[in-house]
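The values are calculated or read from the model by the stated rules, or taken from the named source; none is laboratory data. As the structure is a computational prediction, the values presented were derived from the model and not from experiment. Using ideal geometry, Cβ is built from the backbone for each residue, glycine included, and neighbour counts are taken over all protein chains shown.
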Amino acid sequence: MYVRVNRSDNVAIIVHPDGAAAGSELPGGIVARERIPQSHKIALRDFEPGDPILRYGQAIGRANRPIPMGSWVHEDLIEMPLPPPLDRLPLSTAVPATLPPLSGYTFEGYRNPDGSVGTRNILGIATTVQCVAPTVEYAARRIKTELLPRFPHVDDVVAVTHSYGCGVAINAPGAAVPIATLRHISLHANMAAQPLVVSLGCEKMQPALLFSHDFPVLETGNVIRLQDHRGFAEMVSLIMEAAEKRLAVLDRRRRQTCPASDLVVGLQCGGSDAFSGVTCNPAVGAAADLLVRAGATVMFSEVTEVRDAIHLLTPRAETPDIARALIREMQWYDDYLAGGRTDRSANTTPGNKRGGLANIVEKALGSVAKAGSTAIRAVASHGEKVTAKGLVFAATPASDFICGTQQLASMNMHVFTTGEGSPYGLALVPVIKVSSRTALAEKWHDLIDIDAGRIATGNATVEDVGMELFRLMLDAASGRKTWAEHWGLANALAPFNPGPVT
């Protein structure tokens, strides 16, 4: 059995977990000329050198030698095309019609004084520099053990540590990206937008720079500067005293019924394979459409995994200005990569290739399926907080942990798709993991939340899994733990820093 996504495709991917054996006959009378692994491509026709190889109805490259029908079409046989030129893209030429509103869907969340809505009730301890991270993490462990059990309505204690804050050109233009990102994360909705703050004292990213001089957190005595105190024990004691006061406030909070429109959902893929664009990403796209219909905010990101499909996205931009903003972010990243003497082809990993993805073009065409079918309503640059409703492109690198950190500046819910598998998690938001293959869901039965591989075998439709995911998002937003939360899995924050390090 194989899957062909588009009628014009001249390759298909093998579905059976054991692959296709040499000599086996497949639908349409095609005979496999060699063993072809699961998720890899089989030629549905004969190719001559220069012939386009089509998947998703798009050229993922050209044959660089004759390829007989039934052959394994892998990366060595494909010449990758140039990316779509950014100066000739259609602008808002095929804006999708607005889908009917979806009403009546709610979740139980926490309303904050600043108008944001949390899906968790967390004591957050923000930091201004990496130097204080070990001390804050030590204090957080003691707070969780010694104090948190007395405050049952508080979900967790999180030390918001990172690798930034000093040894950097703090006034360079690129520095605005990590500073803004860390500011937004420190004021996260799941921390009630009111963190404790721990500073070292001599760092470049002073609390006043991170939050601005007039921000209330700087006026309430919630900033602890370690260099002002004698000894480690005193530092930890002060952090714990401040934490106990804050826990008492948080413990009085209760969940309230909130409309689904209060969700801000980040979409991401990691460890992708050739099934990702057939099963999990389209299912996420179906859920994204439901969220948009319900009035929520949905973010898709990962510039290098959008770049080769940008010609499919600019027509969907709600206005020409939004389309131009998409192009602006693509150009910025082209220039950024060129400055490092590389290009978007550096994106694909050994695991992507093992999973049947020949190149970044094929990967991008499958990645953008997460964006569903609605109009793109806004574009956010690196470090910018997303405030628009509907489908938004939020520019980030494709690196899993950097993308997750950037999206964390805005989102209160995260959906992560994977084909090869990743135990990825974030401490501040629930992360729902969706597998592209049933074999992965069965192998990682206690890490994967939803199996989208059922789509490839015909046991579920894209719409079925999309609705299942939509409902799980509402449940998780109301407090149901995902597998990542169950195990306490949380990747370290990795803010994107395109600025110089001194």
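Of everything in region 52-76, what is part of a loop (DSSP other than H, G, I, E, B) and either touching a residue at least 40 places away in the same chain (Cβ under 8 Å) or closer than 25 Å to residue 453 by Cα (or both)? Give them in sequence order.
Scanning region 52-76 gives 56, 57, 70, 71, 74.
Of 132, 117, which residue is over 27 Å from residue 227 (Cα atoms) and either in contact (Cβ under 8 Å) with a residue 60 or more places away in the chain or surrounded by fewer than 19 Cβ atoms within 10 Å (Cβ to Cβ) (or both)?
117
So which residues in region 163-178 are in contact with a helix residue (DSSP H, G or I) (Cβ under 7 Å, 6 or more places away or on another chain) and buried (at least 23 other Cβ atoms within 10 Å of the Cβ), if there are any at all?
164, 165
Counting only residues that are in contact (Cβ under 8 Å) with a residue 60 or more places away in the chain and either farther than 17 Å from residue 75 by Cα or part of a loop (DSSP other than H, G, I, E, B) (or both), how many does region 2-37 have?
5
Within region 219-260, how many residues turn out to be buried (at least 19 other Cβ atoms within 10 Å of the Cβ) and under 30 Å from residue 299 (Cα atoms)?
So the answer is 3.
Give the residue, chosen from 284, 278, that is under 20 Å from residue 356 (Cβ atoms) and in a loop (DSSP other than H, G, I, E, B).
The match here is 278.
Can you tell me which of (1) within 30 Å of residue 375 (Cα to Cα); (2) touching a strand residue (DSSP E or B) at 6+ places or on another chain (Cβ under 6 Å); (3) not in a strand (DSSP E or B) is the one residue 94 doesn't meet?
Going through (1) within 30 Å of residue 375 (Cα to Cα); (2) touching a strand residue (DSSP E or B) at 6+ places or on another chain (Cβ under 6 Å); (3) not in a strand (DSSP E or B) one by one, residue 94 breaks only (2).
Can we say residue 278 is more than 15 Å from the chain's Cα centre (by Cα), surrounded by 22 or more Cβ atoms within 10 Å (Cβ to Cβ) and assigned by TED's automatic domain parsing to the domain that holds residue 400?
yes
Note down all Cβ pairs under 9 Å where the first residue falls in region 366-384 and is closer than 29 Å to residue 353 by Cβ and assigned by TED's automatic domain parsing to the domain that holds residue 278, the second is basic (Lys, Arg) and outside any helix (DSSP H, G or I), and they're at least six residues apart or on different chains.
Pairs that qualify, where the first residue is closer than 29 Å to residue 353 by Cβ and assigned by TED's automatic domain parsing to the domain that holds residue 278 and the partner is basic (Lys, Arg) and outside any helix (DSSP H, G or I), are 366/55.
Does any residue in region 253-275 that is without any contact (Cβ under 8 Å) to a residue 40 or more places away in the chain come within less than 9 Å, Cβ to Cβ, of a residue that is surrounded by 22 or more Cβ atoms within 10 Å (Cβ to Cβ) six or more places away or on a different chain, and which pairs are these?
Final answer for the pair search is none.
Take region 72-120 and flag every residue that is among the polar types (S, T, N, Q) and closer than 30 Å to residue 320 by Cα.
Answer for region 72-120, where residues must be among the polar types (S, T, N, Q) and closer than 30 Å to residue 320 by Cα: 92, 93, 98, 103, 116.
With 338, 364, 325 as the choices, which residue is surrounded by 24 or more Cβ atoms within 10 Å (Cβ to Cβ) and either more than 30 Å from residue 107 (Cβ to Cβ) or among the aliphatic types (A, V, I, L, M) (or both)?
So the residue among 338, 364, 325 that is surrounded by 24 or more Cβ atoms within 10 Å (Cβ to Cβ) and either more than 30 Å from residue 107 (Cβ to Cβ) or among the aliphatic types (A, V, I, L, M) (or both) is 364.
Sort through 417, 502, 438 and tell me the only one that's more than 29 Å from residue 261 (Cβ to Cβ), among the hydroxyl-bearing types (Ser, Thr, Tyr), at pLDDT 95 or above and outside the structural domain of residue 168 (by TED's automatic domain parsing).
Result of the check over 417, 502, 438: 438.
Just checking, which of 109, 104 is touching a strand residue (DSSP E or B) at 6+ places or on another chain (Cβ under 6 Å) and either outside the structural domain of residue 12 (by TED's automatic domain parsing) or at pLDDT below 95 (or both)?
Exactly one residue qualifies, and that residue is 109.
Go through region 244-275 and count every residue that is closer than 17 Å to residue 410 by Cβ and either modelled with pLDDT under 95 or assigned to a helix (DSSP H, G or I) (or both).
3
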